[in-house]
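Worksheet: one structure, shown below.
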Amino acid sequence: MTITLYGLGPSRSFRCLWALAEAELEHDFISLELNGTDSNGAKSEEYLKLNPQGKVPSLKHGDFVLTESAAILNYVDAISQKSFIPSEPKLRAKYDELAFFVLSELEQPLWTTGKHKFAIPQEHRVEQVLETAKWEFEKALNAFSKLVSIENFVLGDSFSFADILVAQTFNWAQRFDFDVPPEYLNYRDKMYAREAAIKSIAKFS
Ligand SMILES: N[C@@H](CCC(=O)N[C@@H](CS)C(=O)NCC(=O)O)C(=O)O
């Protein structure tokens, strides 16, 4: 069964592209324009059938369709021969804690910035929120530093998909001109130097 990932560059879809490469699962990658309404657009009639929000990523595996980057990571882990999400209950709970933290705290100020700079209609954008987003990111970073101390990987000694979530989010923060402490950028660099990450970046560069 063919796996197809719909995405765009270094956006949250990169998490899924990278995970598929780590899992060595054959896949096609279809790059979409976020606001496009023609055949390669995320707002086309065809794509809206897969992802009613017209967002990326979406994964199609045969007839099975999945949206939400973290859910796609879980699915990739589940169908992979290898293991990227710990199964020991406490470690698994720590994985979930970190994944939910990234999605609900760490990335939110970044997405708020994206929404109010380009993603939502002009009439709904509020310039003042951008400063608040910077403040919220700093607050989330502070909480992150108490939640995790990174030696090699975010969950200890081995690579997990939590590293994809965290490293991609730090990379996103830097792209959006947020202050990211040098130790987190070093960690991002180490993760982005993984063969699977390099291969995946090459798919959209
Ligand atoms: N919670 C979703 C968020 C998906 C999302 O918002 N993706 C952005 C790109 S990173 C998008 O497609 N935006 C287009 C839009 O909001 O119309 C996930 O993690 O997959």
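Just so it is clear, none of the values below were taken in a lab; they were calculated from the coordinates. Nothing here was measured: the structure is a model prediction, and the numbers come from that model. Cβ atoms come from the backbone with ideal geometry, glycine included; neighbour counts cover every protein chain shown.
Using label points projected 7 Å from each Cα along Cα→Cβ, tell me how many nm separate residue 64 and residue 158, to one decimal.
According to this spin-label approximation, the distance is 2.3 nm.
Just to be sure I understand: if I project the alpha-carbon convex hull of the range 122-161 onto a plane and average over all orientations, what area do I get in nm²?
Across all orientations, the range 122-161 yields a mean hull projection of 4.4 nm².
How are the C-alpha pair distances of the range 89-194 spread across 10 Å bins, as whole percents from the shortest bin up?
With a bin width of 10 Å, the distribution comes to 14, 46, 28, 10, 1.
Would you list 83, 11, 149 from fewest to most Cβ contacts within 10 Å?
149, 83, 11
In the structure shown, do any of 82/115; 49/94; 43/203; 43/90 have a Cα-Cα gap over 32 Å, and if so which?
Checking Cα-Cα distances, 82/115; 49/94; 43/90 exceed 32 Å.
Quick check on the chain: helices-only [θ] at 222 nm, where DSSP H runs of length 4 and up contribute -39,500 (n - 2.57) each and the sum goes over total residues. Nearest 500, please.
-15000 deg cm²/dmol
Once the Cβ-Cβ distance between residue 149 and residue 186 is put in as r, and R0 is 22 Å, what FRET efficiency do you end up with, to the nearest 0.05?
Result of the calculation: an efficiency of 0.95.
Regarding the chain, what is the average projected area of its C-alpha convex hull, in nm²?
That works out to 11.7 nm², a quarter of the Cα hull's surface.
Between residue 125 and residue 82, what is 0.36 nm times their sequence separation minus the Cα-Cα distance? Round to one decimal in nm.
11.1 nm
Mind ranking 17-24, 166-173, 74-81 by how tightly packed they are, going by the mean number of other C-beta atoms within 10 angstrom, highest first?
Packing order, densest peptide first, comes out as 166-173, 17-24, 74-81.
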